[in-house]
1. Just the number, please: carbon plus sulfur as a percent of the accessible area of region 194-288, 1.4 Å probe, no ligands or DNA/RNA counted.
2. With Cβ to Cβ distances under 10 Å as the rule, what net charge do the other residues near residue 46 carry (K, R +1; D, E -1)?
3. Leaving ligands, DNA and RNA out of it, report the carbon-plus-sulfur percent of the accessible area of region 306-427 at a 1.4 Å probe.
4. Would you pull out the residues with amide H under 5 Å of residue 221's amide H, same chain only if 5 or more places away, H placed 1.01 Å from N?
5. What number of lysine-lysine pairs in the chain show an alpha-carbon separation below 24 angstrom, given a sequence spacing of 8 or more or placement on distinct chains?
6. Once you order the gyration tensor axes a ≥ b ≥ c over the Cα atoms, which shape class does region 182-333 get: rounded for a/c under 1.5, otherwise prolate or oblate by comparing a/b with b/c?
7. Among DSSP beta bridges lying fully in the chain, give the percent that are antiparallel, nearest 5.
8. Counting only C-alpha contacts under 8 Å and six or more residues apart, can you give the relative contact order of region 76-139 as a whole percent?
Amino acid sequence: MSLRQECLWEHLTPYRPEAPELRGDRKVDVCVIGAGFTGLSAALHLLERGQKVCVLEAHTTGHGGSGRNVGLVNAGLWIPPDEIEAGMGAEIGQRVNRMLGNAPSLVFSLIDKYAIDCQARREGTLHMAHNARGLADLRSRCEQWGRRGAPVELLTGADCEQACGTDKIAGALLDRRAGTLNPMGYVSGLARAVVGLGGELYHHSPVVGLVRVGSAWNVITAGGVVTADKVVIASSAYTEGEWTQLRRTFFPGYYYQVASRPLEGAEAARILPGGQGSWDTRQVLSSIRRDADGRLLLGSLGKGTGKPAWFLKSWADRIQQHYFPRLGKVDWEFTWTGCIDFTPDHLMRLFEPAPGLVAMSGYNGRGVTTGTVVGKAFADFLLDGDASALPMPLRPMEEISAVGLRSCLYEAGFSLYHAGQCLRVVI
């Protein structure tokens, strides 16, 4: 069977929002650039507070990292909470940990409030230790989050094997705050809610200019101009054009996924039977989850686009056979790649380049929850002027050096690691 270069989530979300291209001039309170998690969350929360809002999308809703996501509704950031507080100071670090730790609750509340059909499951996530060092890291994370009252539990032995469906895992951190969803379904639902509240959504309307005119902003596309008092730049890793320096505040990386045909039988049912999504502790991690139809989804850091189908199938076979050897031969059906905005310290950045203009970058692969939280925080900050609504302070839009070189080195390292996995040199 051939491997289709198509995002599974697009296949499973056939009724995605349609929107016209911007033609002519519009005047609104806030213009949002980018129809992903952050931009649509900002628009939705602004509309809930009575603002007139326009959302400009260069392609279609969820075209970027939002629609190509793994779909893990994670709590917190990649960095352990103690390290965040040590590096950012107690006050700011505690705010980051609190807001991002509670992020899944915000996501699920929006799903409930706007009846978003996105295969949402709330059974948590499993961070899986692939060796003793990984297990020690998970023990530390469990202790740190436990001190903060988070409902986390370290599973070992038979409990771990039962939860993960494999005996190749030394332990797994179960985080009950978290869950999974269909990311394209979620972002499409946010867009429908925005339009339902009277927001204006325009597709195929890439921004080509952003100009301050008096106390307002002109956001310019090929087909028109949006005049707004305030602007949210929420295009992150998919920022296009030279109208902003945002693209130089991160270096792009990639994440590919491979999805099987729907699986049946007792051995398939043993894989993540509780419905959790998971990822392992390898430096070049593998993500593992199921969808509502029983497909097995595997993913890893790196660009799948341009790699031959046999390579991607070989990699997926290697991971599947390592973790789930009794499953037998698996037919792989879909593969797709998304772009991630990486930062050297794995922390996001929030910017205010000018009064009334905010932007973000550096989610480092945690877009579902972080984007939803930051979008709401931007809405509250723009309307109230209270910086404590933000998970972390605003900062100047500082450029990262050697963006292209960093991206190339990361991709080369990921490709070599995956080649080693295919050749059974590493696992």
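The values are calculated or read from the model by the stated rules, or taken from the named source; none is laboratory data. Quick caveat: nothing in here was measured; it's all calculated off a predicted structure. So basically every Cβ, Gly included, is an ideal-geometry build from the backbone, and we count neighbours across all protein chains shown. What goes into the accessible areas is simple: the full protein's heavy atoms, side chains included, and nothing from ligands, DNA or RNA. Shrake-Rupley method; radii C 1.70, N 1.55, O 1.52, S 1.80 Å.
1. Numbers: 1820 of 3500 Å².
Answer for region 194-288 is 52 percent, counting heavy atoms of protein chains only.
2. Values: positive: 49, 52, 230, 376; negative: 29, 48, 380.
Overall, the nearby charge balance is +1.
3. On the way: 2870 of 4800 Å².
That share works out to 60 percent.
4. Residues meeting the amide H criterion: 208, 226.
5. 13
6. Cα axes put region 182-333 in the prolate bin.
7. Working: 48 of 74 bridges.
Roughly 65 percent of the beta bridges in the chain run antiparallel, per DSSP.
8. Details: 25 pairs, mean separation 13.1, N = 64.
Worked out over region 76-139, it gives 20 percent.
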